[in-house]
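Have a look at the structure below, then the notes.
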Amino acid sequence: MLQLRRILLATVVFSAACASGPEIRKLGDYGTTQPLFTTPPNQKTPSEITVNLARPAYVAALFVVPGRGAVIVYPTDSTDTRVAAGQHTIPVRFRERAFNRDSMYAAIRRQSQGRGNPVPPPTPNPVFRDTTRRDSIVATDSGFTTASRGLRDPGPGASPIGYLLLVASPTQIPFSSLQRRINGITIPIDDDEALSTVMKLVKSTLPDGTNLAGYARELDRT
């Protein structure tokens, strides 16, 4: 009976966390351009975002996974990313489909970030099985294909939960430099530290003293 109560408690906490809405962060020199974005309500993995800026800026979007890393989802090449003030829609591309994860894993992750009440484990020494497939599912022009990679873990772009981060600067953000800074870098597991680290990595690609504003919104792709 005690074990059943613990399982029910974990379920209630997880449901409450989901119902409270996504976490949002305003980062860096936010007051300069005040970047905002929304995602299509019917898309778990968005193919576009609607951006709103207080003044013109060059923008980029990244998917940030605390404890893992970050991937660039806009732009996908060295194109001009200047966006005028006001509301505009830009495309975003996730190169990997999100892998599945069970609700208990999500509840434990949320609880570890200080959201909700502590969740007692349903068993004395629980082992949370990573349900990630070892083969990465990669997006191509003709659909999704599976690339066999042995025991290699999927990249951050395959994570089911993370933060979609929009950054805005008055100066062009060099795409190739941003790729070099971001790719393969493991970031802290704490949400605030992870986002702060990625903001610093982006800012390191810009001239000294350049303003950089960020707006991050938690994204659950399951």
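The values are calculated or read from the model by the stated rules, or taken from the named source; none is laboratory data. This is a predicted model, so every value here is computed, not measured. No Cβ is skipped: glycine too gets one built from the backbone with ideal geometry, and neighbour counts run over all protein chains shown. Protein only, heavy atoms only, side chains kept; ligands, DNA and RNA dropped before computing areas. Shrake-Rupley method; radii C 1.70, N 1.55, O 1.52, S 1.80 Å.
Worth a mention:
- Accessible area of the range 24-91 belonging to carbon and sulfur atoms, whole % at 1.4 Å probe: 46
- Net +/- balance of residues flanking residue 205 in space, Cβ distance below 9 Å, scoring K and R +1, D and E -1: +3
- Carbon + sulfur, % of accessible area of the range 150-199 - ligands and nucleic acids excluded, 1.4 Å: 53
- The H on the amide N of residue 48, modeled in the peptide plane, is under 5 Å from the matching H of 92, each at least 5 residues off or on a different chain.
- Cross-link partners for residue 44 among the lysines, with Cα-Cα distance under 23 Å and sequence neighbours closer than 8 places in the same chain left out: 26.
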